[in-house]
Amino acid sequence: MNLKKALAVLLTSAMAISLTACGGAAPAAQAPAAEEAADEAAAEETEEAEEATEEAADTEAVAGDLSYTSLSLDDNKDLTASIKYIHHKTDREEDGTMANMIAEFNKEFPNITVTTEGVTDYAEDSLLRLTTGDWGDIMHIPAVDKSDLSTYFMPLDTLDNLSQELNFVSSWSYDGLCYGIPYMANAQGVLYNKAVFEKAGITELPKTPTEFLDALQKIKDNTDAIPLYTNYAAGWTMGAWDAYLGIVTNGDDTYVNQKFAHTANPFDDPGDDTGAYNLYRILYDACANGLIEDDYTTTDWEGCKGMLNRGEIGTMVLGSWAYAQMQEADSHPEDVGYMPFPMTVNGTQYVAAGGDYNYCINVNSSDENKLASLIFIKWMTEKSNWCYNEGGYTVVKDGANPDMYAAFDGCEVLSDQDAVAGEETLLNDMNAESELSFNAGGNDKVQRIVEAGATGSESFDDIMADWTAKWNDAQEELEVEVNN
Amino acid sequence: MSKTRTRRSPGEWLRSRDGQKFLVITAFMIIPLLLLFVFTYLPFGEMFTYSFYKMKYTGARKFVGFDNYKKVFTRDDCFGALKLSLYYMAGSVVQLALALYLATVLSFKVKLGGLFKGFMFFPYLINGIAIGFIFKFFYTRGFVFDTVLSWAGFNIENLPYWLKDQSINNWSLVGTSVWRYFGQNMVLFIGAIMSVDSNLYEAAMLDGATKFQQFKYIILPSIKTIVLLNVILSISGSLSAFEPPYVITDGANGTGTYFVVMHQIAHTQQKVGLASAMAIILLILIFIATIIQRLLFKYVFRNAEDEDINATTRREKKLARKRASAMKKGGMTA
């Protein structure tokens, strides 16, 4: 009996210790979830946990009197703090750009120590680190739900105040508060090689999908270059096609965040060379007509940069952030060009521009670190010139734009409007439910277009019909109101 | 627990020999048990509960009962992905046969045997991700593999696209996994073969057994535990194949195995509940596969052991017949 008892006591105490150890390590936001999971009675517990997180959210949103617009960089020159910044720009960490910027920053703020860490595979790793809570003071916001922003990050300012000084700040705002500021902004166009276009006899930049496909055909006929390099194997480069949805395809900046989720047939052919249908049709037809690389499954992202630079590739469909990398890749930076996406809606070419990754501040940092972090972010945004150097579209209102955007004269530059109140997470939910994941890592659906186009295994209309079916199923599952 | 012993107070009991033994055993076991519990059973239990919820990593969750399990069976991309495991199972048969053959050859005296062993074991030591990148270039059109084949007289025009052609790309991926793991299987086999008593070979040779008979009657029965282990490992490995398709093709172009699909559902679509259900189902499948293999092996090796007895009876019958005919002859001459 004694032996059994002692054993039982030992075992239970061991379990208890391990449980509390786990609970202690988890951040506050996770604690209700962990407790709930340990418990067997599930349904009611869930509701309680929800309420708990919501309450936490409410109190956080009111707290904090720091704000970006009221902060003066001149008043805090002698602040002493040590902050940590994790980001996704591993290339800039390695080539010393980051260190140089911080050295510049320290000339003005000598007592703020900034430690940086470039994280490879940022999209996934940062999410994991976020849930552990122990990641530093500043990060680039990963894919979290907007309703969870306040659990992790400090509000930087109200949306009204901030949008008077900066562009593209609405993408990570919730309930009128902004949680992120983009480190740079991208305009969505198409990379091309000027020398290849000249050699192929393309005198005017194509303005519609049909003209663009003609241009690709000319490149195939008149040069040795690959007309359109898909970058199929890298995956995320395929997901980049989603960025043109909305503003580019129909000139409506409210479409993606407000109307897309409610559209009954988003992938129908409008018949005038516009719309999502014709956006993806470019890719399908290019693959079907052999206007892409020979073996798309072994494309090499690092290698393609030099190939575009040298004129071995005609065009690549990627955001403007890629421009600087293409220029640096080899000896012909002057040949790398950037043009608006070839689609014209009612006589106007629209360009979608939006923030890249956003700076944000850890809500659990000390007040000192929060202040230092905000100073650092403000300095990076306004004084570091990082955005300009990366070839980014200006984040600061009326700031200078790099020369590469010359071809964008005459185009209408818009950025996506926010979702309406109460539907902030709707698009995310629709993306997850339908598994099409537009602008959210849905690479495989675009890869499928390439496979189908190149092998003829599916017709383009079948793929579009399938997407529509998935979209409609998700709308039904989430009980979304559908407009025709 | 006898009644006489319980009369001792707990303090006395702890100082006694039994108590000390108990203390030492628990003290030594508590750390490994704790680690096992915290990092294996606790997360597994959590995952099991997740599989009944509709949830993302962050945010609220909703109890949905067995819906996730139903979805796994009805969606054609989840359960259908298991078909790809057949490629990897076929590959593991080749891999084990090759490993067993080479192990048998190398366990006898071979010139430069150690060197060969080293070369063949080496791929196992390379990181799986690195192997993925190596083979990505290996299979690229006009790169390593095509070049080697063109030396052998193949015309590059007639060669398939190793990763693009959907009828062949899964075999290409299986090839990388065979290349990586057969050396490890081989080393395990060699280790087991080494433990076979060499007197047995000598005796067999005296009896006039061929090398194949030695393999069949001496080596195979002696190493059946290791064979079984390797088969179980490679079958469960082929059910959960992940690295080659994930690194080389990103699971695209018809190469998405169960694990890759699970990864996509868990991390891209963030349907954690569904992915957990997939994991539980895979676990059950691996259990079933293991049990079937155990039964099958019992059956196969029962024959192998009986063979010896049959052989003796046959031999005795033969001898009896010979003796009988000799007696007849003797009788006639007499």
By residue number, the members of region A:453-477 that are within 11 Å of chain B (Cβ to nearest Cβ) and surrounded by fewer than 19 Cβ atoms within 10 Å (Cβ to Cβ) are A:455, A:457, A:477
Kindly establish whether residue A:209 is surrounded by fewer than 21 Cβ atoms within 10 Å (Cβ to Cβ) and within 22 Å of residue A:458 (Cα to Cα).
no
Can you tell me which of (1) outside the structural domain of residue A:242 (by TED's automatic domain parsing); (2) not in a helix (DSSP H, G or I) is the one residue A:436 doesn't meet?
(1)
Lone qualifier among A:255, A:296, A:244 - being crowded, with 19+ Cβ neighbours inside 10 Å, of a type in the set (Ser, Thr, Tyr) and in contact with a Leu (Cβ under 6 Å, 6 or more places away or on another chain):
A:244
Count of region A:94-124 residues which are part of a loop (DSSP other than H, G, I, E, B), without any contact (Cβ under 8 Å) to a residue 40 or more places away in the chain and either of a type outside the set (Asp, Glu) or within 14 Å of another protein chain (Cβ to nearest Cβ) (or both):
6
Going residue by residue through region B:44-60, is there one that turns out to be out of contact with any strand residue (DSSP E or B) (no Cβ under 9 Å at 6 or more places or on another chain), more than 30 Å from residue B:192 (Cα to Cα), assigned to a helix (DSSP H, G or I) and among the aliphatic types (A, V, I, L, M)?
yes
Top-ranked residue in region A:424-465 [being touching a residue at least 12 places away in the same chain (Cβ under 8 Å) and of a type in the set (Val, Ile, Thr); ranked as nearest to residue A:478 (Cα to Cα)]:
A:425
From the options A:269, A:273, residue that is in contact with a Pro (Cβ under 6 Å, 6 or more places away or on another chain), under 20 Å from residue A:348 (Cα atoms) and modelled with pLDDT under 95
A:273
Of the listed residues (A:239, A:176, A:189), the one being at positive phi and not acidic (Asp, Glu) is A:176
For region A:87-128, give me the residue count where each residue is buried (at least 17 other Cβ atoms within 10 Å of the Cβ) and farther than 20 Å from residue A:182 by Cα.
2
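Listed here are the residues, each with its yes/no results for (1) touching a helix residue (DSSP H, G or I) at 6+ places or on another chain (Cβ under 6 Å); (2) exposed (fewer than 12 other Cβ atoms within 10 Å of the Cβ).
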{"residue": "B:32", "(1), (2)": "no, yes"}
{"residue": "B:39", "(1), (2)": "no, yes"}
{"residue": "B:47", "(1), (2)": "yes, no"}
{"residue": "B:65", "(1), (2)": "no, yes"}
{"residue": "B:76", "(1), (2)": "no, yes"}
{"residue": "B:90", "(1), (2)": "no, no"}
Restricting to region B:267-277, name every residue that is out of contact with any Lys or Arg (no Cβ under 7 Å at 6 or more places or on another chain) and either within 14 Å of chain A (Cβ to nearest Cβ) or part of a loop (DSSP other than H, G, I, E, B) (or both).
B:267, B:268, B:269, B:271, B:275, B:276
Tell me, which helices (runs of 4 or more DSSP H) wholly within region B:105-154 include 3 or more residues that are more than 27 Å from residue B:202 (Cβ to Cβ) and in contact (Cβ under 8 Å) with a residue 40 or more places away in the chain?
B:113-125, B:128-139
Taking helices (runs of 4 or more DSSP H) that do not extend beyond region A:229-289, which have at least 2 residues that are touching a strand residue (DSSP E or B) at 6+ places or on another chain (Cβ under 9 Å)?
A:247-250, A:275-288
Filter region A:234-250 down to the residues that are in contact with an Asp or Glu (Cβ under 7 Å, 6 or more places away or on another chain) and away from chain B (no Cβ under 14 Å) and list them by number.
A:246, A:247
Note on region B:206-250: residues more than 14 Å from every other protein chain (Cβ to nearest Cβ) and assigned to a loop (DSSP other than H, G, I, E, B) are B:207, B:208, B:209, B:210, B:223, B:240, B:241, B:242
Counting residues that are in contact with a Ser or Thr (Cβ under 7 Å, 6 or more places away or on another chain) and within 25 Å of residue A:320 (Cα to Cα), which helices (runs of 4 or more DSSP H) fully inside region A:125-221 reach at least 3?
A:159-165, A:194-200
For residue B:203, only one of the following conditions fails: (1) assigned to a helix (DSSP H, G or I); (2) surrounded by fewer than 17 Cβ atoms within 10 Å (Cβ to Cβ); (3) within 11 Å of chain A (Cβ to nearest Cβ). What is its number?
(3)
Residue pairs within 7 Å by beta carbon, gap of at least six or interchain, first lying in region B:7-18 and at the interface with chain A (Cβ under 8 Å from one of its Cβ atoms), second surrounded by 13 or more Cβ atoms within 10 Å (Cβ to Cβ) and assigned to a helix (DSSP H, G or I), listed first then second, are B:10/A:2; B:13/A:2; B:13/B:19
Filtered residues of region B:251-264 (kept if free of Cβ contacts under 8 Å to residues at least 40 places away in the same chain and within 11 Å of chain A (Cβ to nearest Cβ))
B:251, B:252, B:263, B:264
Scan region B:32-54 for residues that are more than 10 Å from chain A (Cβ to nearest Cβ) and either at pLDDT below 90 or farther than 30 Å from residue B:69 by Cα (or both) and jot them down.
B:32
Within region B:132-175, which residues are of a type in the set (A, V, I, L, M) and facing chain A (nearest Cβ under 10 Å)?
B:163
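The values are calculated or read from the model by the stated rules, or taken from the named source; none is laboratory data. Please read all numbers here as calculations on a predicted model, not as lab measurements. Neighbour counts are summed over all protein chains in view; Cβ atoms, including those assigned to glycine, are modelled from backbone coordinates with ideal geometry.
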